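Let me begin by presenting the structure, written as structure tokens, before commenting on it.
Rule-based calculations on the coordinates, nothing more; no lab input. Here the structure is a predicted model, which means the values were calculated and not measured. As a convention, Cβ positions derive from the backbone with ideal geometry for all residues, glycine included, and neighbour counts pool all protein chains shown.
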Amino acid sequence: GENVEQHPSTLSVQEGDSAVIKCTYSDSASNYFPWYKQELGKRPQLIIDIRSNVGEKKDQRIAVTLNKTAKHFSLHITETQPEDSAVYFCAASKKGNSGYSTLTFGKGTMLLVSP
Amino acid sequence: NAGVMQNPRHLVRRRGQEARLRCSPMKGHSHVYWYRQLPEEGLKFMVYLQKENIIDESGMPKERFSAEFPKEGPSILRIQQVVRGDSAAYFCASSPPTAGAYEQYFGPGTRLTVT
């Protein structure tokens, strides 16, 4: 089955700095890579995703890049703000024969943005 | 459009009791996924259901755990004879029935504590 590794497990940055979180996956058939943000005690919220037919996607201060050859993808947050502090999870999935996709998650990165 | 609803939000059970967790998907969504999150861990897939059908239960323990998604009403994850190791946050997610939809939207979770 799919295996997703995520690094680093914790990341501390100063407000205004950039933050980068990296994930690798094992199943070359995976074709969908979402990123979720989870604040303490809250639900995971989808913040950005990318499909395997593109190499980069950007939404304001966040961007995701995908390298299918190397089987890794990264989340980039620019101009970080204290409210970006949360645990970020990457995930990978592929459509099954029935047309559904189950997500395999990384273990998460705790991002702390200091003012 | 209400999001994914889960209840109860917190559930305390003594060892040996039964836990019943409910999930109502977003309006228009007919696919439900259950995930378990242990403290400081990522989310682990348990089961995927459509109305009246279990499609994939590969992540669910073989004993004591069951899930259903009846024609009417919420999806239910049932844990019989709970043990301390069942203490975790249980999240459900839903996605629309369209073939191209990969996105999963999470509910607020049920935090189960077994004493």
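With θ set to phi - 60° and the Karplus curve 6.51 cos²θ - 1.76 cosθ + 1.60, what are the ³J(HN,Hα) couplings of the stretch A:75-82 in order, to the nearest whole Hz, using x for Gly and Pro?
10, 10, 10, 9, 6, 4, 10, x
Considering only the other residues whose Cβ falls under 12 Å of the Cβ of B:THR115, what net charge follows from Lys and Arg at +1 and Asp and Glu at -1?
+3
Report the Cα centroid-to-centroid distance between the stretch B:1-63 and the stretch A:42-109 in angstrom, as an integer.
Their Cα centres are 22 Å away from one another.
Using 30 Å as the Cα-Cα cut-off, could you pick out the over-long pairs in A:LYS22/A:LYS42; A:LYS58/B:LYS62; A:LYS95/B:LYS71; A:LYS71/B:LYS44; A:LYS37/B:LYS71; A:LYS71/B:LYS71?
Long pairs (Cα-Cα over 30 Å): A:LYS58/B:LYS62; A:LYS37/B:LYS71; A:LYS71/B:LYS71.
Once both labels are modelled 7 Å past Cα along the beta-carbon direction, what's the A:ASN53-B:LYS44 spacing in nm?
Output for this residue pair reads 3.5 nm.
With the dipole of chain A worked out from charges on the C-beta (+1 for Lys and Arg, -1 for Asp and Glu) around the Cα centre, which of A:ALA70, A:SER93, A:GLY16 lies farthest toward the positive end?
So the residue we want is A:SER93.
Could you tell me what a quarter of the Cα convex hull surface of chain B works out to, in nm² with one decimal place?
Mean projected area of the Cα convex hull: 7.0 nm².
For A:GLU39, what charge total do you get from the other residues with a beta carbon under 14 Å from its beta carbon, if Lys and Arg give +1 and Asp and Glu give -1? Show your work: numbers first, answer last.
Numbers: positive: A:LYS37, A:LYS42, A:ARG43; negative: A:GLU83, A:ASP84.
In short, +1.
Can you sort B:ARG14, B:ARG64 by how many other beta carbons sit within 10 Å, fewest first?
With the sparsest Cβ surroundings first, the list reads B:ARG14, B:ARG64.
May I ask you to compute the full-extension gain from B:GLU52 to B:GLN81, defined as 0.36 nm times their residue separation minus their alpha-carbon distance, rounded to one decimal in nm?
Using 0.36 nm per residue and subtracting the Cα-Cα distance, I get 8.0 nm.
For chain B, modelled as a Gaussian network with Cα springs under 10 Å, which listed residue fluctuates most, B:SER95, B:SER58, B:SER87?
B:SER58
What would the Debye formula give as log10 I(q)/I(0) at q = 0.09, 0.17 Å⁻¹ for the alpha-carbon point model of the protein assembly as shown, no solvent?
Log-scaled intensity ratios, in q order: -0.37, -1.25.
Sort the stretch B:39-105 into rounded, prolate or oblate with this rule: let a ≥ b ≥ c be the square roots of the eigenvalues of the Cα gyration tensor; rounded if a/c is under 1.5, and if a/c is not under 1.5, prolate when a/b is larger than b/c, oblate otherwise.
oblate
If you take all C-alpha pairs in chain A, what percent of them are over 24 Å apart? Please report the intermediate quantities before stating the final value.
Values: 1403 of 6555 pairs.
Counting every Cα pair in chain A, those more than 24 Å apart make up 21 percent.
Quick one: net charge around A:ALA86, please, counting Lys, Arg +1 and Asp, Glu -1 for every other residue with C-beta under 12 Å from its C-beta.
Summing Lys/Arg as +1 and Asp/Glu as -1 gives 0.
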